[in-house]
């Protein structure tokens with residue numbers, strides 16, 4: 001092995017040790033081969049980081065002491081809530097784009113300035129964005 005890669009080898013050895021002997025083995029392995037462990041089936045079945053993390057936390061909670069398990073489940077709830085917000089924001093953005101004809105740039109500015117949320121109607125959001133959108137779309 002080339003000396004230029006010694007630090008990479010150390011990290012990869014640490015990762016292998018963590019998966020096979022450390023937290024990975026403790027929480028996830030269940031004596032299954034790596035390809036059959038949650039790290040693999042979660043990715044296969046959940047195409048969302050948030051949902052995948054929620055499933056991982058729910059799975060882990062079952063093998064932890066009571067309070068740690070509850071903490072994992074609360075974390076799962078937060079990941080699910082984050083995904084619901086993500087879905088609602090996507091719907092709001094689509095409505096603003098299709099129905100109210102906002103440009104993608106206007107929607108991006110709204111999101112970046114923290115004025116785009118999933119709690120109000122698209123009309124309420126438009127009124128909140130008067131200074132960055134074309135006025136004819138707000139009044140129309």
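By how many nm would the segment from residue 21 to residue 82 grow when fully extended, if each residue of separation counts as 0.36 nm and the alpha-carbon distance is taken off?
Details: separation 61, 0.36 × 61 = 21.96 nm, distance 3.20 nm.
Full extension of this stretch gives 18.8 nm more.
What is the spin-label model distance, in nm, from residue 31 to residue 74 if the labels are put 7 Å beyond Cα along the C-beta direction?
Distance between label points: 3.5 nm.
No value in this document is a laboratory result; all are computed from the given coordinates. Everything numeric in this text was worked out from a predicted model, so none of it was measured. Please note: Cβ atoms are built from the backbone with ideal geometry, for glycine as well, and neighbour counts cover all protein chains shown.
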